[in-house]
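Chemist: This is the structure, below, for whatever I ask next.
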Amino acid sequence: MIETAGFIGANYGGDDKLIIVHPSNIAEAADEELTKEARENSIRYIASDDNSARETAAIIGNAIGKPGLKWLAFTNEQSKEGMDKTDMPAHVVSNFVEMGCQYT
């Protein structure tokens, strides 16, 4: 999308927070969890960065030499229409749209 359309877009964005995790952080946490003494069941959340979609687009744009890269938030219908044009299977389109709805 960045290369062909010049922006990032999804059916969420703007000031919605994106929690991003780097694989090395996952590996480190997995190692810690797998090597510690057994305790009761627990859940561990791992996050490397916490920015809005707009901030994330700016960071990515600067990193790849496209300063001013924007994140556009689409409606569910716009997202579906755009993905339908790519010949993506209908069940995959539906899942992507549903996944984006979790932010709204």
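No lab work stands behind these numbers, since they all come straight from the coordinates. These numbers come from a predicted model, not from an experiment. When we count neighbours, we look across all protein chains shown, and the Cβ atoms used for this are built from the backbone with ideal geometry, even at glycine.
Chemist: Quick one: which residues, 5 or more positions from Asn11 or on another chain, have an amide H under 5 Å from its amide H? H modelled 1.01 Å from N in the peptide plane, none for Pro or chain starts.
Modeler: Amide H neighbours of Asn11, under 5 Å, 5+ apart: Phe74.
Chemist: Could you give the length gained on full extension between Phe96 and Ile20, defined as 0.36 nm per residue of separation minus the Cα-Cα distance, in nm?
Modeler: Length difference between fully extended and current span is 25.6 nm.
Chemist: Say the dipole of the chain comes from +1 at the beta carbon of Lys and Arg and -1 at that of Asp and Glu; which of Ile2, Leu18, Pro89 then lies farthest toward its positive end?
Modeler: Among Ile2, Leu18, Pro89, the one farthest towards the positive end of the dipole of the chain is Ile2.
Chemist: Sticking with the crude label model, points 7 Å out along Cα→Cβ, report the distance from Glu32 to Asp87 in nm, one decimal please.
Modeler: Taking the simple label geometry, Glu32 and Asp87 are separated by 4.6 nm.
Chemist: Something else: Angle between the Cα long axis of helix 90-101 and the longest principal axis of the chain, 0 to 90 degrees, nearest 10?
Modeler: Relative to the chain, helix 90-101 is tipped by roughly 70 degrees.
Chemist: From the mean inverse distance of alpha carbon pairs (Kirkwood) and the Cα radius of gyration, derive Rg over Rh for the chain.
Modeler: Using only Cα positions, Rg/Rh for the chain is 1.08.
Chemist: Do any GluC sites (Glu not before Pro) in segment 18-75 lie in a DSSP loop with no more than 11 other beta carbon atoms within 10 Å, and if so, which?
Modeler: Those satisfying the criteria are Glu37, Glu40.
Chemist: Here is a further query. Starting at the first residue of segment 19-28, write each ³J(HN,Hα) from the Karplus equation 6.51 cos²θ - 1.76 cosθ + 1.60 with θ = phi - 60°, in whole Hz, x for Gly and Pro.
Modeler: 8, 10, 10, 8, x, 5, 5, 5, 4, 4
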